[in-house]
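The values are calculated or read from the model by the stated rules, or taken from the named source; none is laboratory data. If you're wondering where the values come from, they're calculated on a predicted model, not measured in any experiment. Neighbour counts are summed over all protein chains in view; Cβ atoms, including those assigned to glycine, are modelled from backbone coordinates with ideal geometry. To get the accessible areas, we keep the full protein, side chains included, count just its heavy atoms, and leave off ligands, DNA and RNA. Shrake-Rupley method; radii C 1.70, N 1.55, O 1.52, S 1.80 Å.
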Amino acid sequence: TLLFDVESLRKFILRAPNVLRFSIKDNLEPKLGMLRNRLMLNEAKLAKLCMSHPTIMQYSVKDNIEPKLDWLQQRLDLNDTAVSNMIQRYPAILSYSIPNKIIPKLDWLQQRLSLTDDELSNLMRRFPPLFSYSVDVNIEPTMNFFIDALGDEDEALALLIRVPNLFSYSLEKRLKPRLKEAMDVGMVIDTACLSRIGTYTESQWQKGREFQVKELAKQRDAKSDASAAN
């Protein structure tokens, strides 16, 4: 049984109407039991998982859920707690094809970032949405942005490994405009600056930008005063 209130149940059914076709005894109850036990979920966490990704109830345990959990645990050397945390954070992983999407993505990341198996596992555990990002549309262009901004490929890739959620920010709406603003006000473009460009809220970014403008004005005034004194 899922702990849904009336409104949550309505939203759940609207997003996964096919569950109404499934047998409670032969399909839904065993599936919920498997998810509860395999992922070590209490009732509240089970309800949250199903609410965040309702189509999970449409997946076959035998043909989809169990094989993918087993494969992820083996490929990324995940214990039961780690694979549970990964699926709870990003249950959409279960919707992806292992041979057509997951394997090529992991292989590409491991090779491009020169990661050991342990480092790849750590990266995906810290930021599982990477499973969903397109190499051509998102990952590689974002890498190139940071490489170009820093002028040092090793330093840029190390930053992305350290702060992988930088992959989640829009190049056109956030990263590129903020880099231009940073350069316009004379900020030093280093890894700390690029991390702020991605992760700061708009309020935080504007405050930092204004502070930099004031600091540069103070430096110009100090130079002017020194020149006048001479």
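For the residues F145, F127, F167, a GNM of the chain with alpha-carbon springs under 10 Å puts the largest fluctuation on F145.
Going by a ≥ b ≥ c, the root eigenvalues of the Cα gyration tensor, does the range 37-98 fall in the rounded group (a/c under 1.5), the prolate group (a/b larger than b/c) or the oblate group? Oblate. Using Cα springs under 10 Å in a Gaussian network model of the chain, which residue among Q111, Q219, Q204 shows the largest mean-square fluctuation? Fluctuation is largest for Q219. The computed Rg and Dmax of the Cα atoms in Å for the structure shown corresponds, within (i) 23.5, 90; (ii) 20.4, 65; (iii) 17.8, 60, to (i). Please report the carbon-and-sulfur percent of the accessible area for the chain; probe 1.4 Å, protein heavy atoms only, DNA, RNA and ligands left out. Here it works out to 50 percent. Take every pair of alpha-carbon atoms less than 8 Å apart whose residues are at least six positions apart; their mean separation over the length of the range 84-132 yields a relative contact order of 42 percent. Between the beta carbons of I13 and S95, assuming R0 = 22 Å, the FRET efficiency works out to 0.70 to the nearest 0.05. Between the helical axis of 103-112 and the longest alpha-carbon principal axis of the chain there is an angle of about 20 degrees.
Below 10 angstrom from the Cβ of L39, what's the summed charge of the other residues (Lys, Arg +1; Asp, Glu -1)?
Once positives and negatives cancel, what remains is +2.
Say we join alpha carbon atoms closer than 10 Å with springs in a Gaussian network model of the chain; which of E119, E66, E215 then has the biggest fluctuation? For the chain, modelled as a Gaussian network with Cα springs under 10 Å, the answer is E215. In the chain, Cα pairs under 8 Å separated by at least six residues give a relative contact order of 12 percent.
Solvent-accessible surface of the chain, taken per residue with a 1.4 Å probe and all protein chains present: 56 Å². Helix 29-38 and the longest principal axis of the Cα set of the chain meet at an angle near 50°.
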